[in-house]
Amino acid sequence: MRDHPLPPLLRDLFPVRQVSGPVGAVMLRVQHVLDSEIAPTAAARDRAGGYPHQVVAALKATGILALAVPCAWGGLGMAQDLSLELMLRIAVADPAVAQIYKVHDDLVREIFAYAPPDLRQRLAHRIVHDHVILGMAVAENGRTADGFLQTLARPCPDGTHVLSGRKIYATGASGADLIAVSSFDPVRAQRLGSVRAGVRMDLVPRNAPGLVFHHDWDRMGQRATDSGTVTLADVKVDGQWNALDPDAALPQHVALRFQAGFSAILTGIGIGAVRAVCAFVPARARPWGAAGVDSADQDPYVRRLLGEIGADLFAAYCSVMQAGTMLVQYENGQVSRNAVAMAASAARSVATRAALRAASDAPAAAGARGTDNVNGLDRYWRDARTLSLHDPVDWKNAEIGRHLLTGWEPEPGPYQ
């Protein structure tokens, strides 16, 4: 089976990675699009905001959307560690695009674990042959961050449901072909005496009547995700597109994979920041007079700073890849869920610190000239800071500490 070499991310600190077979071929095509189309225009997209339709279309043409579809359904069945590698590489080029792809990857893996077989077949065909990308409208503005039952599904006599509600942080939804919308059918829940029985996850076409995208995402970072508000005003959905089989066992590692993906993107942001600075310093930075050197890249303090940051990012990368390996082993029944939870939490902790330091401190090596708006170095910190606040990393550290002190194991939930 032919190997496909993915180029180094930071010289030999992150050397060439060999990926074999069809998955490697797709990843190599993706890397070409990242280098030629996405990275050069990332700063402009950051300034403009809005959904990145053009670059998502370019990615679709590589076959990237079929990577997470299981082989049994006609996809490529990409392993978890390679999935994280790909998210990380996209984030080096543009973390907003990486987050949009992450949502698709997460949803595909999740839905193919619990959806009815006939829906899996239809969805696989749409993704593999029609290059359909999935977006997400799940989060709601409840009293706590993990409340998701305010959007109501009203059953109709003809077997359809009508959805009404308001979603926030709907990453990727405004440009997706199908949007995964969570809702709650209180009638079914009461009839069967189970909250779980009333939970739905419908795949709704973007142009469905009553589905409104408000394009109100106005955050300091991740601007091109267009992760704004979506409202549903009597959106009619057919039961055949309810992806959540009420009798299916839900996968227990969804939240852990979700967290590992954020760690991959954060690490990619840090690598992107260091790459930008390392390109700027030899060409444009001025050496400090007391250093007694001819160019800024010869300054021992510049070298030390970037070396320490690079070492932190190397540790973050290794942590992310280990989390991916543990996810694969869990799916194969080789490790416990708690072992994966500790690995995912550790990766999130290490990646958050490494990304924030890289994005904040690496520009010091560039000097005052590096703050020129044309360089766009500020976007790395804004993206890293925004993404790091998706859920508090302090809880990840506390969970690790609680386990170390008492042996406690986190129960499966939206964020642990």
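Every read-out reported here was derived from the displayed coordinates using simple, explicitly stated rules and does not represent laboratory data. None of the values given here were measured: they were computed from a predicted structure. Cβ coordinates were reconstructed from backbone atoms using ideal geometry, including for glycine residues, and neighbour counts include every protein chain displayed.
Length gain on complete extension for the stretch Glu37 to Trp395, per 0.36 nm per residue less the alpha carbon to alpha carbon distance? Can you show the working numbers first?
Numbers: separation 358, 0.36 × 358 = 128.88 nm, distance 3.74 nm.
Stretched out fully, the Glu37 to Trp395 stretch lengthens by 125.1 nm.
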Under-5 Å amide H pairs with Thr171, H placed in peptide plane, nonlocal only:
Met136
List, in order, the whole-Hz ³J(HN,Hα) value for each residue of segment 340-352 obtained from phi through the Karplus relation with A = 6.51, B = -1.76, C = 1.60 and θ = phi - 60°; use x for Gly and Pro.
5, 4, 5, 5, 5, 5, 5, 4, 5, 5, 5, 5, 4
Sticking with the crude label model, points 7 Å out along Cα→Cβ, report the distance from Ser20 to Glu308 in nm, one decimal please.
4.2 nm
Based on a Kirkwood Rh over C-alpha pairs, give the Stokes-Einstein translational diffusion coefficient of segment 173-249 at 4 °C and viscosity 1.567 mPa s in µm²/s.
92 µm²/s
Note, ³J(HN,Hα) from phi for segment 14-30, Karplus 6.51, -1.76, 1.60, rounded to Hz, x at Gly and Pro:
10, x, 3, 10, 8, 10, 9, x, x, 4, x, 5, 5, 4, 5, 5, 4
Using a cut-off of 15 Å between alpha-carbon atoms, which aspartates and glutamates can reach Lys60, once sequence neighbours fewer than 8 places away in the same chain are excluded?
Glu37, Asp105, Asp130, Asp177
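Just to verify a number: FRET efficiency for Ala248 and Arg286, C-beta to C-beta distance, R0 = 45 Å, to 0.05? Walk me through the numbers on the way to the answer.
On the way: r = 62 Å, r/R0 = 1.37.
It comes to 0.15.
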Dipole of segment 5-84 (Lys/Arg Cβ +1, Asp/Glu Cβ -1, origin at the Cα centre): which of Leu10, His53, Leu34 lies farthest to the positive side?
His53
Please give me the summed charge of the neighbours of Thr62: other residues whose Cβ is under 11 Å from its Cβ, Lys and Arg +1, Asp and Glu -1.
+1
Sort the following peptides by mean Cβ neighbour count (other Cβ atoms within 10 Å, averaged over residues), highest first: 3-9, 132-138.
132-138, 3-9
Taking 0.36 nm per residue of separation and subtracting the Cα-Cα distance, what length does fully extending Leu13 through Arg369 add?
125.5 nm
Dipole magnitude of the chain about its Cα centre, charges +1 at Lys/Arg Cβ and -1 at Asp/Glu Cβ only, in debye to the nearest 20?
280 debye
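Test of understanding: what is the full-extension gain from Arg122 to Leu28, defined as 0.36 nm times their sequence separation minus their Cα-Cα distance? Kindly include the intermediate steps, with their values, before the conclusion.
Values: separation 94, 0.36 × 94 = 33.84 nm, distance 2.78 nm.
Answer, rounded to one decimal: 31.1 nm.
What Kirkwood hydrodynamic radius do you get for the chain when you take the inverse of the mean 1/r over all pairs of distinct Cα atoms, in Å?
Values: mean 1/r = 0.0450 Å⁻¹.
After inverting the pairwise mean of 1/r, the radius is 22.2 Å.
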Once both axes come from the Cα atoms, what is the angle between helix 80-93 and the longest principal axis of the chain, in degrees from 0 to 90, rounded to 10?
60 degrees
Counting only the backbone N, which residues of segment 46-66 are under 20 Å from the spot 7 Å out from the Cα of Met220 toward its beta-carbon?
46-50
Calculated FRET efficiency, Thr406 and Leu149, Cβ-Cβ r, R0 35 Å, to nearest 0.05?
0.65
The simple spin-label model distance between Arg196 and Asp297, using points 7 Å out along Cα→Cβ, in nm, is 5.8 nm
Using alpha carbons only, how many degrees (0 to 90, rounded to 10) separate the axis of helix 300-331 from the longest principal axis of the chain?
30 degrees
Evaluate E = 1/(1 + (r/R0)^6) for Val187 and Asp130, where r is the Cβ-Cβ distance and R0 equals 25 Å; express this FRET efficiency to the nearest 0.05.
0.15
